[in-house]
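What follows is a single structure, written as C-alpha cells, with notes after it.
The values are calculated or read from the model by the stated rules, or taken from the named source; none is laboratory data. This one's a predicted model, so the numbers in the text were calculated from it and none came from an experiment. So basically every Cβ, Gly included, is an ideal-geometry build from the backbone, and we count neighbours across all protein chains shown.
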Amino acid sequence: MTRVLVIEDDPIIGEMLTLYLSEEQFNVQRVDTAKDGMHALDHFDPDIILLDLMLPDSSGSELCDEFRQQTSTPIIVTSMKSAVGDRIKAISAGADDYLCKPFSLQELKARMNAVLRRTSGSAVEQPLSADKRSDGTQASKSGISLDVERRTIVVDDRHIDTTFSEYEIMKLFVQHPARVFSREELINAVRGIDSFINDRAIDVHITNLRRKIEKNPKEPRFIKTVWGVGYKYVN
C-alpha cells in the first residue's frame, strides 16, 4: 500500500485529505508541523509527500529544501498561493508538482499517480546509450553515471543527490546524448501534460544540474544551451 505523508495544519483540509486518500487505498499519515513532518520522514518512510506551503513553524519551501537534502521522495506542494513566483520558488526548492487550493481530489489523485508511476518505473529503465556497470550504475562516455537504485548522479565516484525532476532530466540526457531537447519536450518528459511546470522552471533545473555536475557552471562542458531551441547533453 502506497504511503502518503500529508503535512497540513488546516484541520478541515487535513481530515478531508486523510479520509479521501484512505478510501482510495493509500496508507496515510497526517502531521500539522514541519517538525513532525521531519520526524515522519524517518519513521513513516513515505512514498510521496503532500506539503502545505504555509505551516506554523516553517515555510513549506524551506521544509521542501530540507527534505531534498535527505530524500528523493516526490513532493507535491499544495497552497492557496497561485502566483507564478510562488510556484517557481517551490519547484526550485525541490517540489515535483504544485497544486493550488481549492483543488479537485480526483485531480490530486491523478497527479499523485502520475508522479508515482515515474518514480516506480525509473529504477528499471535502462539508458539507451549507457553501459551497465557491475555496481548498478549507468555510465555515459563522459564518466558521469546514473545510480538507478539510489536515483543519484555519480561524478568522479561521488554520489550527488538530485530532485525528482533533475534526475529525470539528466536520465533523458544520458539516454539521448547530443540530441537537442526543446523546453516543451523536457516539460512533457518530466511532468506530463497535466502537471504544472513552465519554461522558467526548466531553466532553473538546468542551472541546478550544472552547479552539481560541471566544474565551471558558467562554461558548461556537458549540458549545452542551444539558443532559441533548448538544451543538449554532450558526453
Where a residue in the range 80-94 is over 17 Å from Cys64 (Cα atoms) and in the same structural domain as Leu50 (by TED's automatic domain parsing) and its partner, wherever it lies, is hydrophobic (A, V, I, L, M, F, W, C) and modelled with pLDDT of 85 or more, with Cβ under 6 Å and at least six apart: Ser82/Cys100
Residues of the range 10-27 that turn out to be within 15 Å of Ala110 (Cα to Cα) and not in a helix (DSSP H, G or I), as a count: 3
Subset of the range 144-169 (residues that are free of Cβ contacts under 8 Å to residues at least 60 places away in the same chain, surrounded by 16 or more Cβ atoms within 10 Å (Cβ to Cβ) and not hydroxyl-bearing (Ser, Thr, Tyr)): Leu146, Asp147, Val148, Val154, Val155, Ile160, Glu166, Glu168, Ile169
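Which residue out of Val77, Val124 is modelled with pLDDT under 85, of a type in the set (A, V, I, L, M) and not in a helix (DSSP H, G or I)?
Exactly one of Val77, Val124 is modelled with pLDDT under 85, of a type in the set (A, V, I, L, M) and not in a helix (DSSP H, G or I), namely Val124.
Determine, yes or no, whether Leu5 is among the hydrophobic types (A, V, I, L, M, F, W, C), modelled with pLDDT of 85 or more and closer than 29 Å to Leu209 by Cβ.
yes
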Near pairs, Cβ below 7 angstrom, 6+ apart or cross-chain, from the range 22-49 (surrounded by fewer than 16 Cβ atoms within 10 Å (Cβ to Cβ) and at pLDDT 95 or above) to any residue that is of a type in the set (A, V, I, L, M, F, W, C) and in a helix (DSSP H, G or I): none
Qualifying position, being on the phi > 0 side of the Ramachandran plot and not small (Gly, Ala, Ser), among Asp52, Asp36, Asp57, Asp45: Asp45
Where Thr137 falls short, out of the listed (1) modelled with pLDDT of 80 or more; (2) among the hydroxyl-bearing types (Ser, Thr, Tyr); (3) within 25 Å of Phe222 (Cβ to Cβ): (1)
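Return yes when Arg87 is surrounded by 17 or more Cβ atoms within 10 Å (Cβ to Cβ), modelled with pLDDT under 85 and more than 30 Å from Arg158 (Cα to Cα) and no when it is not.
Judged against the criteria, Arg87 is a match.
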Matching entry among Phe164, Phe222, Phe181, Phe173 (being modelled with pLDDT under 85 and either over 23 Å from Met112 (Cα atoms) or not assigned by TED's automatic domain parsing to the domain that holds Gln69 (or both)): Phe164
Pick from the range 175-184, criterion crowded, with 17+ Cβ neighbours inside 10 Å and closer than 26 Å to Cys64 by Cβ, ranking: farthest from the chain's Cα centre (by Cα): Phe181
